[in-house]
Protein chains: 2
Amino acid sequence: MILEYILLAMLREPKTGYTLKNEFDQGERHFWSAELSQIYPALQRMEKRGWLKSTLEPSDKGPERRVYSRTKAGAKALSKWLRSDPIVGMERFAYIAQLIYMDQLDDLDVTLRFLKKLRDLLADKLELLSSAETAMAALPGFPNKLNNEDFHGRLSLRMGVLSLSAKVQWCDESIQRVSARLAKERKYA
Amino acid sequence: MILEYILLAMLREPKTGYTLKNEFDQGERHFWSAELSQIYPALQRMEKRGWLKSTLEPSDKGPERRVYSRTKAGAKALSKWLRSDPIVGMERFAYIAQLIYMDQLDDLDVTLRFLKKLRDLLADKLELLSSAETAMAALPGFPNKLNNEDFHGRLSLRMGVLSLSAKVQWCDESIQRVSARLAKERKYA
DNA sequence: CCACGCATGTAATAGGTTACATGATTTA
DNA sequence: TAAATCATGTAACCTATTACATGCGTGG
């Protein structure tokens with residue numbers, strides 16, 4: 001189960017479920033997300049399995065915090081997972097499904113509006129990642145003296161930026177193509 | 001439910017569940033996939049809802065085929081979905097999760113091997129889409145006189161090609177960076 | 001006093017994969 | 001005769017989202 005390994009890896013230092021959720025939301029983890037209702041039971045399962053142990057600590061605000069930390073068994077399981085082959089799953093793009101069947105509407109104006117909206121949505125996402133990348137470039141010793149953690153973080157951020165850039169460019173290219181086709185359609189109408 | 005709308009859209013002409021599954025597998029549908037155990041119940045649900053109707057037809061080989069076709073209500077539901085805003089969900093990249101936490105192994109050789117393997121996996125996928133794109137370029141009247149269906153198909157294929165190319169390029173760039181870091185590490189060791 | 005952030009959880013539902021069950025026809 | 005393809009389906013399980021339930025402390 002991938003989420004369990006991600007949580008395990010995020011528990012480099014002891015943390016609560018609530019904290020882990022915040023790290024997902026803060027956009028630090030652009031490649032995955034999870035809800036609290038998924039995180040809490042996962043942590044409980046892992047503790048039962050012996051990968052984590054937890055202690056209750058008082059909180060300034062609100063109820064007691066259950067702080068989880070990795071056990072040796074947990075660290076071993078993580079190490080094994082990190083050494084396994086890359087997990088490349090089927091990616092599912094709902095917006096491509098919409099686009100590919102849009103010909104059935106027989107209305108290129110709809111396609112054009114769709115692509116423009118999509119472009120904006122993807123560009124917004126890209127901007128988030130780009131600014132994170134810019135922030136990283138301000139790190140002390142960038143890029144030659146990054147520590148191992150930041151070095152790996154940089155690689156992963158860059159993948160998000162390049163992949164989203166390619167999609168935004170594809171939107172622009174597609175908008176051009178649809179516009180051209182639309183213009184020709186009108187000329188012969 | 002996205003799958004239901006995709007099946008609805010694929011039923012441009014009447015088809016069986018088995019046929020729909022084949023279309024997913026043939027790689028024609030690079031943006032989505034589904035198992036028969038998901039397709040059959042989905043078709044049944046849609047028939048109950050009045051989006052599809054089915055008839056039993058004899059088959060040359062094997063059991064009778066249940067052929068589904070869209071009703072007017074189904075066509076209307078599809079049209080509404082196609083006209084809705086682009087569905088941009090959270091993409092989940094398990095291999096980026098592996099990569100980003102790999103610093104905890106403190107062994108750049110593992111990272112390097114990982115990226116090389118990933119590069120090969122992604123390049124294989126890219127090749128599939130690229131050859132589909134090449135095949136499309138051999139279509140009569142390409143690119144200026146494509147019909148609407150092929151035009152939309154081309155746009156969607158191109159997105160797959162560009163997005164995967166970006167990822168392969170990112171792998172290459174990352175392999176370079178890791179190699180350089182590794183070389184420096186050894187020099188000062 | 002109410003909304004918001006902190007903090008924990010459960011329940012219901014939806015979406016998806018793997019395994020199981022059945023049986024005909026064709027091809028090696 | 002064994003495997004592959006055609007063709008339908010169900011059951012069990014895993015993964016993920018949305019909704020529900022509870023309650024403290026702080027700031028407006």
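The values are calculated or read from the model by the stated rules, or taken from the named source; none is laboratory data. Predicted model only: the values in this text are computed from it and were never measured. Please note: Cβ atoms are built from the backbone with ideal geometry, for glycine as well, and neighbour counts cover all protein chains shown.
Between a first residue in the range A:32-43 that is within 13 Å of chain B (Cβ to nearest Cβ) and a second residue that is more than 8 Å from DNA strand C (Cβ to nearest atom) and aromatic (Phe, Trp, Tyr), which pairs have beta carbons less than 8 Å apart while being 6 or more apart in sequence or on different chains?
Qualifying pairs under 8 Å: A:Trp32/A:Phe24; A:Trp32/B:Phe93; A:Ser33/A:Phe24; A:Ala34/A:Phe24.
Does any residue of the range B:7-15 turn out to be within 10 Å of DNA strand D (Cβ to nearest atom) and under 19 Å from B:Glu149 (Cα atoms)?
yes
Return the pair list, or none, for Cβ contacts closer than 6 Å from residues in the range A:56-67 that are without any contact (Cβ under 8 Å) to a residue 60 or more places away in the chain to residues that are small (Gly, Ala, Ser) and near DNA strand D (Cβ under 10 Å from one of its atoms), at least 6 apart or on different chains.
A:Arg65/A:Ser59
Go through the range B:36-57 and report how many residues are away from DNA strand C (no atom under 13 Å from the Cβ), crowded, with 19+ Cβ neighbours inside 10 Å and in a helix (DSSP H, G or I).
Counting residues in the range B:36-57 that are away from DNA strand C (no atom under 13 Å from the Cβ), crowded, with 19+ Cβ neighbours inside 10 Å and in a helix (DSSP H, G or I) gives 1.
Out of the range B:166-180, which residues are within 30 Å of B:Glu28 (Cβ to Cβ), within 8 Å of chain A (Cβ to nearest Cβ) and surrounded by fewer than 18 Cβ atoms within 10 Å (Cβ to Cβ)?
Scanning the range B:166-180 gives a single hit, B:Gln169.
Surrounded by 14 or more Cβ atoms within 10 Å (Cβ to Cβ) and more than 8 Å from chain A (Cβ to nearest Cβ): which single residue out of B:Ala132, B:Ala183, B:Ala189, B:Ala138 fits that description?
Of B:Ala132, B:Ala183, B:Ala189, B:Ala138, the one residue that is surrounded by 14 or more Cβ atoms within 10 Å (Cβ to Cβ) and more than 8 Å from chain A (Cβ to nearest Cβ) is B:Ala132.
Among the residues of the range B:1-10, write down those that are touching a residue at least 24 places away in the same chain (Cβ under 8 Å) and away from DNA strand C (no atom under 12 Å from the Cβ).
Hits for the range B:1-10 are B:Leu8, B:Ala9.
Does the range A:32-55 hold any residues that are of a type in the set (Gly, Ala, Ser), more than 9 Å from DNA strand D (Cβ to nearest atom) and at negative phi, and which are they? I'd like the intermediate steps shown before the answer.
Pass one, the range A:32-55, residues of a type in the set (Gly, Ala, Ser): A:33-34, A:37, A:42, A:50, A:54.
With the extra rule that they be more than 9 Å from DNA strand D (Cβ to nearest atom), the set shrinks to A:50, A:54.
Scanning the range A:32-55 gives a single hit, A:Ser54.
Does at least one position in the range B:98-114 carry a residue that is on the phi > 0 side of the Ramachandran plot, of a type in the set (D, E, K, R) and at pLDDT 95 or above?
Yes, the range B:98-114 contains a residue that is on the phi > 0 side of the Ramachandran plot, of a type in the set (D, E, K, R) and at pLDDT 95 or above.
Since A:Tyr101 meets every condition but one in (1) over 30 Å from B:Met159 (Cα atoms); (2) away from DNA strand C (no atom under 14 Å from the Cβ); (3) surrounded by 19 or more Cβ atoms within 10 Å (Cβ to Cβ), which condition does it not meet?
The failed condition is (1).
Tell me, which residue of the range B:61-90 that is at pLDDT below 95 and at the interface with chain A (Cβ under 7 Å from one of its Cβ atoms) is farthest from B:Arg186 (Cα to Cα)?
B:Gly89
Does at least one position in the range B:6-28 carry a residue that is among the small types (Gly, Ala, Ser), within 30 Å of A:Ser156 (Cα to Cα) and at pLDDT below 95?
Yes, because at least one residue in the range B:6-28 is among the small types (Gly, Ala, Ser), within 30 Å of A:Ser156 (Cα to Cα) and at pLDDT below 95.
Suppose we filter the range B:61-76 for residues that are in contact with an Asp or Glu (Cβ under 9 Å, 6 or more places away or on another chain) and not in a loop (DSSP other than H, G, I, E, B); how many remain?
Looking only at that region, the number is 5.
Condition first: outside any helix (DSSP H, G or I) and exposed (fewer than 14 other Cβ atoms within 10 Å of the Cβ). Now tell me which residues in the range A:104-126 satisfy that. Show your work before the answer.
Applying the first criterion (outside any helix (DSSP H, G or I)) to the range A:104-126 yields A:106-107.
Within the range A:104-126, A:Asp106 is the sole residue that qualifies.
Before we move on, is A:Glu57 outside the structural domain of A:Leu129 (by TED's automatic domain parsing) and over 30 Å from A:Met136 (Cβ atoms)?
Against the criterion (outside the structural domain of A:Leu129 (by TED's automatic domain parsing) and over 30 Å from A:Met136 (Cβ atoms)), A:Glu57 qualifies.
Looking at (1) free of Cβ contacts under 8 Å to residues at least 40 places away in the same chain; (2) more than 26 Å from B:Met102 (Cβ to Cβ); (3) among the acidic types (Asp, Glu), which one does A:Asp109 not meet, given that it meets all the others?
(1)
Identify all residues within the range B:11-35 that are surrounded by 14 or more Cβ atoms within 10 Å (Cβ to Cβ), within 14 Å of DNA strand C (Cβ to nearest atom) and either assigned by TED's automatic domain parsing to the domain that holds B:Leu129 or not in a loop (DSSP other than H, G, I, E, B) (or both); write none if there are none.
Residues satisfying the conditions are B:Thr16, B:Gly17, B:Tyr18, B:Leu20, B:Lys21, B:Phe24.
Anything in the range B:68-98 that is hydrophobic (A, V, I, L, M, F, W, C), away from DNA strand C (no atom under 16 Å from the Cβ) and more than 21 Å from B:Ser156 (Cα to Cα)? List them, or say none.
Result: B:Ala73, B:Ala75, B:Ile96, B:Ala97.
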